[in-house]
1. Can you list which of the chymotrypsin sites (Phe, Trp or Tyr not before Pro) found in segment 4-57 are DSSP loop residues with at most 16 other C-beta atoms within 10 Å?
2. Where Lys and Arg each count +1 and Asp and Glu each count -1, what net charge lies around M7 among other residues with Cβ under 13 Å from its Cβ?
3. With all distinct Cα pairs included, what does the Kirkwood hydrodynamic radius of the chain come out to in Å, to one decimal, could you say?
4. Tell me, what ³J(HN,Hα) does each residue in segment 15-28 have, in order and in whole Hz, if you take phi through Karplus 6.51 cos²θ - 1.76 cosθ + 1.60 with θ = phi - 60° and put x for Gly and Pro?
Amino acid sequence: MKDWRAMAKAGGLEVSERDLERIAGPLETLEEAFRPLAKELKAEDEPATAFHAEETE
């Protein structure tokens, strides 16, 4: 799991410890919920699209 507090500090985010806890707590909860779901994704589930530019004269 990501250390959101360390990432905020390393990124130079200057917030109080209280605000940092308010931010990091929900992020940890979301990551905990979505990590197992992300592991189940297959390549064919990826919604990415491809763009092929054609030359015009």
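Each reported figure results from applying straightforward, stated rules to the coordinates on display, with no laboratory input. On a predicted model such as this, the values are computed, not experimentally measured, just so you know. Backbone-built Cβ (ideal geometry, glycine too); neighbour counts: all protein chains shown.
1. F51
2. 0
3. 14.8
4. Those phi angles translate into 9, 5, 4, 4, 5, 4, 5, 5, 7, 5, x, x, 5, 5 Hz.
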